[in-house]
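The values are calculated or read from the model by the stated rules, or taken from the named source; none is laboratory data. Model, not experiment: these values are computed from the prediction. No Cβ is skipped: glycine too gets one built from the backbone with ideal geometry, and neighbour counts run over all protein chains shown.
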Amino acid sequence: MGYGVLMFALPNVRRVSFLKAQPLLVSRRQPNHSLILNSLRMASTPKLTSRVLVLGAGNFGSCLADHLADSTHRVYLWARSKQTVDIFNKERRNEKYLTDHLFPESIEAIGPELPSADFLQDVDVVLFAVPTQGLRKVLEELHPRMPKNRIPLMIFVNKGIETGTQALTLEIIAESCGPDIAKASIFLSGPSFAKEIVKRQPTTVSVSSLSLTHAQQVSDLFHQPWFRCYTGADPVGVELAGALKNVYAIATGIADGLGYENNTRAGLITRALAEMTRIGSAYGASPLTFLSLAGIGDLMLTCTSSKSRNYTVGYRLGKGEQLDYIVKTLGSVAEGVTTSEGLKPMTQKLGVYAPIADGVYSILYEGRDPKDVAIQLMNEPPLREMDLPQGAGAPVEELKKKLGVDSLDPA
């Protein structure tokens, strides 16, 4: 069914904005038309137009810019490379990521300099899709330029732990921009490969903030018939789940690379879920968050697909390749590698038993043989299957001080 025919067939249905893209884009995506037809009938009221700034033109930043441009929003995609900006605006494609995807005219690439104060004055939404290790620098440079009389919606989709400080993104925001912006920040996470989002595959994610009002606003912003958000009020848990699952994806990839099969994979993922729940509970997160889309949902996706960069790193390690060579030839960032470095001192500080995470660290940073680590894990002393720490540790108390709150309960 062509573009014109589809629009003619649906005269009484709201014209969902992805049909406003160039006909070539609709044809190239080759969507499931029956799914689209059913979804259109359930489409919600059109949203007001927002000016959205997406910082980071990697896989996820690019795909979310594309997703938001399918609504009535005007989207600006910031890239660090002038060449990336020029090619994007001229050819409607990203030269490094999602290279076979054509982007709509409603996205304008900008950069390599960060936007000016005048530009930010009219921005309604800022979405941060830069790697965690570079986030603090971007925030410190951007914050003085932001409007003084209002806070735009601040959405963060990075997944990781800052290696030098073991800080979560919420803590980085508080230190760089102050507690008010941190308390209003929103975190989006869940099982969501970029290549599937641009194909409009049905996708569900978690959206969490200390401000339930802001979480709902982001849910409304992103909602489309193919993209559904579930709101929550545990940003610490969502952050930890999104960061930790990358480490366990490396572990699962290693096991597969070593030739272990289905029993091993299922057991490893289950014990990884128990381990990340222990870590999260000790930090001050809700254990239930790890049963959410941001938790088990993202863990399952990342640990079971060769599309996952972190799984791929682990698989190649299991096959005997060296880490330096893997990282150099991967073509994109695998945040689990740096997260593992930050996670090790965090679990030590929390006093949490985390043998899988420790095993991954020993392979990545101590040069241990993956086979030896696998044998060691199977010979760990048997424990109770479910055992959560009693009470939160020091990190969450430090975070509350930086936020100026007595509790991390939502407003």
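Which condition does residue 356 not pass, out of (1) at pLDDT 90 or above; (2) within 18 Å of residue 274 (Cβ to Cβ); (3) surrounded by fewer than 15 Cβ atoms within 10 Å (Cβ to Cβ), if it passes all the others?
Residue 356 satisfies every listed condition except (3).
What's the number of the only condition in (1) touching a Pro at 6+ places or on another chain (Cβ under 6 Å); (2) without any contact (Cβ under 8 Å) to a residue 40 or more places away in the chain; (3) β-branched (Val, Ile, Thr) that residue 326 fails to meet?
Single failed check for residue 326: (1).
Report yes if residue 396 is buried (at least 20 other Cβ atoms within 10 Å of the Cβ) and in contact (Cβ under 8 Å) with a residue 12 or more places away in the chain, otherwise no. Show your work before the answer.
Details: buried (at least 20 other Cβ atoms within 10 Å of the Cβ): no; in contact (Cβ under 8 Å) with a residue 12 or more places away in the chain: yes.
No.
Being under 12 Å from residue 53 (Cβ atoms) and part of a loop (DSSP other than H, G, I, E, B) is the filter here, so list the residues in segment 102-129 that pass it. First the steps, then the outcome.
To start, the set of residues in segment 102-129 that are under 12 Å from residue 53 (Cβ atoms) comprises 107-111, 114-116, 119-129.
Correct list: 111, 114, 115, 116, 121, 122, 123, 124, 129.
Could you count how many residues in segment 375-398 are closer than 21 Å to residue 280 by Cβ, assigned to a loop (DSSP other than H, G, I, E, B) and modelled with pLDDT of 90 or more?
Residues that pass the stated criteria total 1.
Pairs needed: first member in segment 255-274, assigned by TED's automatic domain parsing to the domain that holds residue 369; second member anywhere, not in a helix (DSSP H, G or I); C-beta distance under 7 Å; at least 6 residues apart or different chains.
257/319; 274/386
So that you can scan it fast, the table gives a plain yes or no per residue for (1) closer than 23 Å to residue 226 by Cα; (2) in contact with a Pro (Cβ under 7 Å, 6 or more places away or on another chain); (3) modelled with pLDDT of 95 or more; (4) not aromatic (Phe, Trp, Tyr):
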site: 42; (1), (2), (3), (4): yes, yes, no, yes
site: 54; (1), (2), (3), (4): yes, no, yes, yes
site: 60; (1), (2), (3), (4): yes, no, yes, no
site: 67; (1), (2), (3), (4): yes, no, yes, yes
site: 75; (1), (2), (3), (4): yes, no, yes, yes
site: 89; (1), (2), (3), (4): no, no, yes, yes
site: 116; (1), (2), (3), (4): no, no, yes, yes
site: 130; (1), (2), (3), (4): no, no, yes, yes
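For every residue, the table says whether it meets (1) of a type in the set (A, V, I, L, M); (2) surrounded by fewer than 19 Cβ atoms within 10 Å (Cβ to Cβ); (3) touching a strand residue (DSSP E or B) at 6+ places or on another chain (Cβ under 9 Å).
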residue: 122; (1), (2), (3): no, yes, yes
residue: 140; (1), (2), (3): no, yes, no
residue: 153; (1), (2), (3): yes, no, yes
residue: 165; (1), (2), (3): no, yes, no
residue: 173; (1), (2), (3): yes, no, yes
residue: 177; (1), (2), (3): no, no, yes
residue: 183; (1), (2), (3): no, no, yes
residue: 189; (1), (2), (3): no, no, yes
residue: 194; (1), (2), (3): yes, no, no
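Among the residues of segment 216-243, what is the count of those that are touching a residue at least 60 places away in the same chain (Cβ under 8 Å) and closer than 21 Å to residue 66 by Cα?
Result for segment 216-243: 11.
I need the full set of residues from segment 91-140 which are closer than 30 Å to residue 340 by Cα, of a type in the set (A, V, I, L, M) and in contact (Cβ under 8 Å) with a residue 60 or more places away in the chain, in order please.
Listed by number, the residues that qualify are 98, 126, 127, 129, 130, 138.
Residue by residue through segment 200-256, note down the ones that are buried (at least 19 other Cβ atoms within 10 Å of the Cβ), more than 14 Å from the chain's Cα centre (by Cα) and of a type in the set (Asp, Glu).
If the condition is that a residue be buried (at least 19 other Cβ atoms within 10 Å of the Cβ), more than 14 Å from the chain's Cα centre (by Cα) and of a type in the set (Asp, Glu), then 234, 256 are the ones that fit.
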